[in-house]
1. Evaluate E = 1/(1 + (r/R0)^6) for Q124 and H72, where r is the Cβ-Cβ distance and R0 equals 30 Å; express this FRET efficiency to the nearest 0.05.
2. Kindly state, to the nearest 0.05, the FRET efficiency for R134 paired with V19, given R0 = 45 Å and r defined as their beta-carbon distance.
3. What is the spin-label model distance, in nm, from S156 to R49 if the labels are put 7 Å beyond Cα along the C-beta direction?
4. Put a dot 7 Å past each Cα toward the Cβ at L28 and D179; how far apart are the dots in nm?
5. Could you run the Debye sum over the Cα atoms of region 109-186, one equal point scatterer each and no solvent, and tell me log10 of I(q)/I(0) at q = 0.15, 0.26 Å⁻¹, two decimals?
6. Using the structure shown, select from K100/K130; K73/K100; K84/K158 the pairs with a Cα to Cα distance greater than 25 angstrom.
7. Give me the distance in nm between label points sitting 7 Å out from Cα along the Cα-to-Cβ direction at R145 and R10, one decimal.
Amino acid sequence: MKPMTFLRLRLALMSLGPVFCAALALCLLGGAALLWLAPQRALQAQNHRVAMRLAAMPAAVEGKNAPASANHKLVLFYDALGEKRYAEQQVKTLFGIAAKSGLSLSQGEYKGAYDQNGRLHTYQVTLPVKGSYRNIWQFALTALRAIPFASLDEISFKRENVTDTTVEARLRLTLYMADKPAGAAP
């Protein structure tokens, strides 16, 4: 900002009074909080919706009625996919779970792809982690519960010495996602 513009802004705020300035600051903070919380709430709602669909799948497929049609199964499959626009939020979720599990998480490798035949996006995340064997498995299982459209494709462990309690591991997860919002078949 130019010094003159800053001075004009400061004078304008001073003329409005401290109560108005405090109210304006609270409004700006509230707006920032809404912008920060909105994607997180949408992401939680999407994960809840997918988890509920997955929980209902065995009942729909194993019911006493006639077997589900191929189209119905296809709709259930696409309903279980995550939304591509939330891929970065899912990675943030993985980092949060790692922190809660007491793991040291190094920078990971990320690779997106599109499967033309399945009409779905995959987002492969490879994460090198350090921690106890138990905490690494806890992280992997918690991540799969938190992101129901993820798969654990590979996990490898490495320990320098037999007496070391810290283990280095490399996890490769794949997130399966669609362009459309959950609930809409392609």
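Here, each number is a calculation from the coordinates, and none is a lab measurement. This one's a predicted model, so the numbers in the text were calculated from it and none came from an experiment. Glycine gets a Cβ as well: all are built from the backbone with ideal geometry, and neighbour counts include every protein chain shown.
1. On the way: r = 29 Å, r/R0 = 0.97.
With a Förster radius of 30 Å, E is 0.55.
2. Given R0 = 45 Å and the Cβ-Cβ separation, E is 0.25.
3. 3.8
4. 4.0
5. -0.60, -1.21
6. Working: K100/K130 13 Å; K73/K100 36 Å; K84/K158 33 Å.
Table pairs above 25 Å Cα-Cα are K73/K100; K84/K158.
7. Each label point is offset 7 Å from its Cα along the Cβ direction, giving 5.4 nm.
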